[in-house]
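See structure below.
The values are calculated or read from the model by the stated rules, or taken from the named source; none is laboratory data. A quick note: this is a predicted structure, and the numbers were derived from the prediction, not measured. Cβ: placed from backbone, ideal geometry, glycine included. Neighbour counts: every protein chain shown. Side chains are part of the model used for accessible areas, which takes the heavy atoms of the whole protein and leaves out ligands, DNA and RNA. Shrake-Rupley method; radii C 1.70, N 1.55, O 1.52, S 1.80 Å.
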Amino acid sequence: MELLEVMKQRHSVRRYTDKAIEEDIRTELERCIEEVNAESGLHIQTIFDEPKCFGSILTTYGMFSGVKNYIALVGKESDTLEETIGYYGEKVVLRAQELGLNTCWVGLTYSKGKCAAKIEKGEKLICVLALGYGKTQGVPHKGKNAEQVCNMQENLPEWFVAGVEAALLAPTAVNQQKFYFEYKDDEVIVQSGKGAYVMVDLGIAKYHFEAVSGHKVRQTL
């Protein structure tokens with residue numbers, strides 16, 4: 001399946017069934033995470049069959065239920081960690097979708113103190129991904145249009161338009177979509193607004209753009 005189609009099929013899911021994730025699926029997902037960690041220097045970890053992280057009143061507030069598998073997004077503290085987590089975390093999310101699993105980015109409504117991830121000295125847990133078989137496949141949410149997130153004009157390269165289309169499918173905190181792509185002199189510049197988790201969101205949007213367009217975002221402002 002083409003990656004753009006995977007992006008279109010993926011929606012945030014908060015309610016999960018009791019169905020266990022099969023060993024072969026676990027192995028494939030772990031292989032993806034190993035490759036991502038090797039490429040990025042992150043310390044992303046998958047935790048299976050552990051319900052405590054999503055067992056508090058916070059998860060009820062966030063409308064989560066049945067979550068007993070999750071992916072901890074961990075890395076060495078730096079000024080670019082959140083953006084890197086978003087970029088590579090979304091790569092894992094889309095691989096999970098290809099494997100028939102559902103996910104949801106979670107920044108606040110989980111028990112950080114009960115997360116079973118191993119956090120080494122100098123590392124930081126940024127957020128987690130709920131993981132498993134959803135009771136539904138989720139639903140798309142109304143978002144911005146291309147004119148609101150890029151300098152839309154005549155004669156833009158098809159790859160740029162395709163990249164923007166992909167970026168509009170990127171999940172963002174409370175659907176805020178605070179990013180803006182600009183095409184100028186055959187380069188792509190992206191900038192982010194302000195707010196909670198905007199740098200994570202920026203990383204996710206950049207991955208969508210680059211993976212579909214085949215072109216790197218040259219500069220981040």
Out of segment 125-141, which residues are surrounded by fewer than 16 Cβ atoms within 10 Å (Cβ to Cβ) and either modelled with pLDDT of 95 or more or within 23 Å of V36 (Cα to Cα) (or both)?
K135, T136, Q137
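Per-residue answers, yes or no, for (1) at positive phi; (2) touching a residue at least 60 places away in the same chain (Cβ under 8 Å):
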| residue | (1), (2) |
| --- | --- |
| D24 | no, no |
| G41 | yes, no |
| Q45 | no, yes |
| G66 | yes, yes |
| E77 | no, no |
I need a count of the residues in segment 14-36 that are open to solvent by 30 Å² or more (accessible area, probe 1.4 Å), within 24 Å of G113 (Cα to Cα) and part of a helix (DSSP H, G or I).
1
Is it the case that some residue within segment 153-163 is open to solvent by 10 Å² or more (accessible area, probe 1.4 Å), out of contact with any Leu (no Cβ under 7 Å at 6 or more places or on another chain) and of a type in the set (F, W, Y)?
yes
Touching a residue at least 40 places away in the same chain (Cβ under 8 Å), over 26 Å from Q176 (Cα atoms) and loosely packed, with under 12 Cβ neighbours inside 10 Å: which single residue out of G55, G122 fits that description?
G122
Filter result for T109 (open to solvent by 70 Å² or more (accessible area, probe 1.4 Å), at negative phi, in a loop (DSSP other than H, G, I, E, B) and of a type in the set (S, T, Y)):
no
Single condition Y183 does not satisfy, out of (1) surrounded by fewer than 20 Cβ atoms within 10 Å (Cβ to Cβ); (2) touching a helix residue (DSSP H, G or I) at 6+ places or on another chain (Cβ under 6 Å):
(1)
Within segment 86-106, restricting to residues that are closer than 19 Å to E23 by Cβ and of a type in the set (D, E, K, R), the one that is surrounded by the most Cβ atoms within 10 Å (Cβ to Cβ) is R95
Tally up the residues in segment 131-147 that are touching a helix residue (DSSP H, G or I) at 6+ places or on another chain (Cβ under 7 Å) and under 15 Å from I47 (Cα atoms), please.
1
Lone unmet requirement of (1) within 21 Å of A205 (Cβ to Cβ); (2) outside any helix (DSSP H, G or I) for E83
(2)
